[in-house]
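Have a look at the structure below, then the notes.
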Amino acid sequence: MSKIKEKDIEEIRRVVKKEFPEDPALQQVHIARKIIAKESQLEGLSFLEYVKLLGKKVKNVP
């Protein structure tokens, strides 16, 4: 579950929709990227470190 507050996610969605108003697919990609970036910031990790950590967690799931 995401540690980001719902109001922060809504703000991310609003900003991204303004940046890419005619491309819902691109909006989704950028929303996901920005959420992951925010989560990594909250964990005190770089984007790449956080993604690697998530990958390791997925590998260890039985």
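Over the chain, give the accessible area per residue in Å² for a 1.4 Å probe, as an integer.
Normalised by residue count, the accessible surface of the chain is 81 Å².
In whole percent, and with a 1.4 Å probe on the protein chains, what portion of the accessible area of the chain is carbon and sulfur? Intermediate results must be reported in sequence, preceding the final value.
Numbers: 2990 of 5050 Å².
Here carbon and sulfur together make up 59 percent of the probe-accessible area.
Per 10 Å bin, what percent of the C-alpha pairs of the chain does each bin hold, from zero upward?
Calculated P(r), rounded to whole percents: 21, 43, 29, 6, 0.
Would you rank Lys5, Lys34, Lys59 by solvent-accessible area, highest first, keeping every protein chain in place and using a 1.4 Å probe?
Lys59, Lys5, Lys34
Please compute the modelled spin-label separation between Ala37 and Arg13, points set 7 Å along Cα→Cβ, answer in nm with one decimal.
Each label point is offset 7 Å from its Cα along the Cβ direction, giving 1.9 nm.
Could you name the lysines in cross-link range of Lys7, using Cα to Cα under 22 Å and dropping any fewer than eight places away on the same chain?
In chain and number order, the partners are Lys17, Lys18, Lys34, Lys38.
The values are calculated or read from the model by the stated rules, or taken from the named source; none is laboratory data. Quantities reported herein were computed from a predicted structural model and do not represent experimental measurements. Ideal geometry is used to build each Cβ from the backbone, glycine not excepted, and the neighbour counts take in all protein chains shown. Quick note on the areas: whole protein, heavy atoms, side chains included, nothing else; ligands and nucleic acids left out. Shrake-Rupley method; radii C 1.70, N 1.55, O 1.52, S 1.80 Å.
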